[in-house]
């Protein structure tokens, strides 16, 4: 999973002693919390997990819009149950990636087992954290499938936001119990009453079911725990059944291999057992099982309904794919429904800024993808940018996070090209159908774009976007959405201060700069979230860029017909600014087939000769000329036009956000 | 002579504005360094001497005389050798000029730069247009046929018409040699900062090209030979000294920051060296006093580097690189062998930028204006 390895930082955890909350005996010193999962400590008393039958187990998630207090609430729950000691170190705010704040995501935190005594019964409460963004909606749905209920946290001041809506529906569709919690009631502008009404109107949950809390101050947090026990049903499964375990997350540890987070839907699991992956059919021997508190704590066994981790000699995270089902060797079970392999939705080229860095970048990529099997990596090379890769990401945010981790954790500076989306073509040409062996193909690069004549229909991916905004920005937002070819599906006043809009967007219209545009025209108030909405028919064309009539392969793009003119013009203008003048006139053209849709003309040099060149000027002059002569080698020649690498970089590079 | 009374707004040369110069000390060092380097080079005959700077006309004729005596003492300095002094209109009284002539100077290069008072102020010059006229007329009286003037074009805000007028005035004033320089906005100068900051407009590329072409046409029509990118001469008044740079001949640089290219015969060497003297005058003097010269860097030029220089410099002239000169540096591989074969140079010849014939390799009229776009291709081909 892309974002694992962050939670240890956040929860700076101490290992708890097992048992009821009343006796948090913290025998362990502070664990190193610097990198990923610290090792579990050995030689301590193991918890007997058989003392927690299914009836005393509750599996739940916390879901919330960014900054609504999900992690703070988690901190408090861990403190109250003695899972971590109460100290002011337990602050989630410090270690947030810049990209989280900019993009509005909650980076996935780690799952934890909490022990809580309520009315004389010891309960095992498994808090299964989920990545908080729609790029990871598949992962979220798998995590939620291990739960029977969720805590839906809404900010008492900000009210319902786009992600609140998306998260609610994910939980609702999974038929989970929902405990609405209104957080930050200690804030001056808190208006819990208004938020309760929003929740009632939008989600049909009676106002009196909401719990008003301040996670920061701990107000009413205990009540939340009680509600979890009362309202969320225990998992429906049986230890007597054969083993059936869902893999809902996995991380990679350099010393121990893959650590898979699992939820048991039946049976029990223990060290020494032989297990099989339903997806890969590979067989493994279990080396270790245990619970997460939130660091790994080994146990003898795990039983049906419980949640924990497993180490079984898996070498790569692809062996423990999220959604996969594990069962005992020779005791196969029906795999849990809903498994899919990660499907990249956003592609971008990645190249080292300097080709000599290729090997370093390669090893950094390998190390990062060890923990993130959802990134697809294909070697690619561009005549202009050199050797690199074409990477596939789950979404735009996933790409941002990946790139930022590469920069921050591996100190790698890369050229990332503007993201593209996977299109499809329904083939009509019998010859092509035979060639591909199917009548529908996915197009990732413009080079694969089949001609219109052999295609009955082109398809583009779409998403259903949810925007929640104060009403004063509606006009501008509607215009923005229309510019992006979006179709309005819903417009609902949540109350007098909040409007929810739903639009069906072509994915390619939001991958580049939509979020920034939305934020800037709403002064930061509008929130946005989206979910996969399948493919739709689209009038797609391939646009070529020509320099003096010769096509530039790496600048070809697949684009919607309506957008071609404007995009072609922009590309030509940018090229004109970046290609240096040469000895002859250069026509920079955008073309669809044979039709030219935009043109810029780069005038030739009429004078380019240094005025003074005497004794003292010669050394400096020669240095420059030699460098220019050397630069000739790095020029990409399109016909007779020389295009420096910089020009390609400036045109192809993703515009970074302000 | 590295000193100036005032720094001009466009100048990034190695010049110093100091309240007082110990001229006797500087003179002694110039003499000593000239003697040392001449001895190291073991040249027999010196064909030209150029006093540049800085503002050499601020030095006294005695200093010029002392250096020339040193040269004549260390090598043969023929009576006809070209001895040029760079002068500013603001330090060029008739009596001073007379003194320099008596000291042995026989050619004057006057930094007129412009014949418009507003332009001169923008350039940070100390003189007015009227003073420039007077200075040039006085110089022509003393050095008839051997007075050159420097002019700048492409000043921020200068129009095509204004430049045409300057050219016209120049033709009325000038002698037989003119150097026309397009203003280069050098990093770190006051003028470049003003243009970058938007206080002054940056001249457009097309306008600069037009100005250059206009100047070429006007001067050629007036009987001048356009013998180098920025140099024009009539009646054979070409600068021998400057030609030696462009022909990649040997030259010795004397004084702070001076550059030289010569073979150190005294050390038994036969390879050409690029030498640079210490930039800062005080440090330079200390070195000269202690070791006879203030050479800060010595780099032996490889045969390829020498050819690269010959190519880059020679193509600036109308004669180009003759087969003979090329053969001097490259006895094995002829011009024809390097640039006559299919490749960049051949393409440039076909496109009409270059000519390779019995005279050698040179730019066409059109090619000269875009030489810096041709050179990277040619060097790239030469390196292969």
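Every read-out reported here was derived from the displayed coordinates using simple, explicitly stated rules and does not represent laboratory data. Bear in mind the structure is a predicted one, so any value in this text is a computation, not a measurement. Don't worry about glycine lacking a Cβ; one is built from the backbone with ideal geometry, like all the others, and counts go over all protein chains shown.
So, in nm, how far is label residue A:533 from label residue A:434 when the simple model puts each one 7 Å beyond its Cα toward the Cβ?
4.0
Label-point separation (nm) for residue A:624 and residue A:241, each offset 7 Å from Cα along Cα-to-Cβ?
7.8
Sort A:119-128, A:480-489 by packing, meaning the average of other beta carbons within 10 Å per residue, with the highest value first. Spell out each step's value before the answer.
Details: A:119-128: 18.5, A:480-489: 16.3.
Top of the packing list down: A:119-128, A:480-489.
So if I take the alpha carbon set of chain B, get Rg, then get Rh from the Kirkwood formula, what is the Rg over Rh ratio? Working shown, then result.
Working: Rg = 21.3 Å, Rh = 22.2 Å.
So for chain B, dividing Rg by the Kirkwood Rh gives 0.96.
In what sequence, highest mean first, do A:330-338, A:499-507 appear when ranked by Cβ atoms within 10 angstrom? Let's see the in-between values first.
Details: A:330-338: 13.6, A:499-507: 21.4.
For the peptides A:330-338, A:499-507, the packing ranking is A:499-507, A:330-338.
Convex hull over the alpha-carbon atoms of the range A:541-652: what's its volume per residue in Å³?
Values: hull volume 11.0 nm³, N = 112.
Dividing the Cα hull volume of the range A:541-652 by its residue count gives 98 Å³.
Any chance you could give the angle, 0 to 90 degrees and rounded to 10, that helix A:162-173 forms with the longest Cα principal axis of chain A?
Roughly 50 degrees between the two axes.
Evaluate E = 1/(1 + (r/R0)^6) for residue A:633 and residue A:447, where r is the Cβ-Cβ distance and R0 equals 22 Å; express this FRET efficiency to the nearest 0.05.
Values: r = 25 Å, r/R0 = 1.15.
The formula returns an efficiency of 0.30 here.
Using all Cα-Cα distances in the range B:1-134, what percent lands in each 10 angstrom bin from 0 up to the longest?
Binned Cα distances yield the sequence 12, 39, 33, 14, 2.
If each residue of separation counts as 0.36 nm, what is the full-extension length gain between residue A:283 and residue A:193 once their alpha-carbon separation is subtracted? Each step should come with its number before you reach the end.
Working: separation 90, 0.36 × 90 = 32.40 nm, distance 5.47 nm.
Additional length available on full extension: 26.9 nm.
Could you work out the mean count of beta carbons from other protein chains within 10 Å of each residue's beta carbon in B:177-184? Provide the component values of the computation, followed by the final result.
Values: counts 0, 0, 2, 1, 3, 5, 1, 3.
Taking all residues of B:177-184 together, the mean is 2.
Report, in deg cm²/dmol and to the nearest 500, the calculated mean residue ellipticity at 222 nm for chain B, where each DSSP H run with n ≥ 4 adds -39500 (n - 2.57) and the sum is divided by the residue count.
About -13000 deg cm²/dmol.
Just to be sure I understand the model, the point goes 7 Å from the Cα along the line to the Cβ. What's the resulting residue A:581 to residue B:364 distance in nm?
1.9
Shielding by partners for A:623-633, please: the mean number of other protein chain Cβ atoms within 10 Å of each residue's Cβ. Don't jump to the answer; show the numbers that get you there.
Numbers: counts 0, 3, 10, 8, 1, 7, 10, 4, 2, 7, 2.
Other-chain Cβ atoms within 10 Å of each residue's Cβ, averaged: 5.
I need the Debye-formula profile for the protein assembly as shown: one equal scatterer per C-alpha, no solvent, reported as log10 I(q)/I(0) at q = 0.04, 0.07, 0.09 1/Å, two decimals.
For the protein assembly as shown at q = 0.04, 0.07, 0.09 Å⁻¹, log10 I(q)/I(0) is -0.35, -0.80, -0.99.
Identify which of B:185, B:77, B:333 has the largest mean-square fluctuation in a Gaussian network model of chain B, with springs joining Cα atoms closer than 10 Å.
Comparing B:185, B:77, B:333 in a Gaussian network model of chain B, the most mobile one is B:333.
On C-alpha positions alone, give me the angle between the axis of helix A:561-578 and the longest principal axis of chain A, in degrees, nearest 10.
70
When ranked by the protection proxy of mean other Cβ atoms within 10 Å per residue, highest first, what sequence do the peptides B:196-203, B:254-261, A:445-452, B:134-141 form?
Values: B:196-203: 12.1, B:254-261: 23.8, A:445-452: 15.0, B:134-141: 19.9.
In descending order of packing, they fall as B:254-261, B:134-141, A:445-452, B:196-203.
How large is the convex hull of the Cα atoms of the range B:318-383 per residue, expressed in Å³ as a whole number? List each step's numbers first, then the result.
Details: hull volume 5.3 nm³, N = 66.
In the range B:318-383, the Cα convex hull volume per residue is 80 Å³.
For residue A:479 and residue B:9, FRET efficiency with R0 = 51 Å and r from the beta-carbon atoms, rounded to 0.05? Spell out each step's value before the answer.
Values: r = 51 Å, r/R0 = 0.99.
It comes out at approximately 0.50.
Can you give the average number of partner chain beta-carbon atoms within 10 Å of each beta-carbon in peptide A:268-280, as a whole number? Let's see the in-between values first.
Numbers: counts 0, 0, 0, 0, 0, 0, 0, 0, 0, 0, 0, 0, 0.
Shielding by partners across A:268-280 averages 0.
In the protein assembly as shown, what % of DSSP beta bridges are antiparallel (nearest 5)? Before the final figure, lay out each step's value.
On the way: 134 of 172 bridges.
Taking every DSSP beta bridge within the protein assembly as shown, about 80 percent pair in antiparallel fashion.
So, R0 is 60 Å and r is the distance between the beta-carbons of residue A:409 and residue B:282; what FRET efficiency does that work out to, to 0.05? Don't jump to the answer; show the numbers that get you there.
Numbers: r = 52 Å, r/R0 = 0.86.
Here the calculated transfer efficiency is 0.70.
Once Rh is set to the Kirkwood radius over Cα pairs, what Stokes-Einstein translational diffusion coefficient, in µm²/s, holds for the range B:89-227 at a temperature of 10 °C and a viscosity of 1.306 mPa s? It would help to have the intermediate numbers written out before the result.
Values: Rh = 15.9 Å.
It diffuses with D of about 100 µm²/s by this estimate.
Looking at the range A:346-416 from every direction and averaging, what is the projected area of its Cα convex hull in nm²? Don't skip to the end; give the middle numbers.
Details: hull surface 16.4 nm².
About 4.1 nm², averaged over all directions.
Kindly express, to the nearest 10 degrees and within the range 0 to 90, the angle between helix A:618-631's C-alpha long axis and the longest C-alpha principal axis of chain A.
Rounded to the nearest ten degrees, it is 70.
Evaluate Rg over Rh across the range A:451-538, taking Cα atoms for both radii and Kirkwood's formula for Rh.
On the way: Rg = 14.4 Å, Rh = 13.6 Å.
Computed over Cα atoms, the ratio is 1.05.
Using only helices, what value at 222 nm comes out for chain A when you add -39,500 (n - 2.57) per DSSP H run of length 4 or more and divide by the total residues, to the nearest 500 deg cm²/dmol? Each step should come with its number before you reach the end.
Values: 16 runs with 163 residues, N = 658.
Result for chain A, helices only: -7500 deg cm²/dmol.
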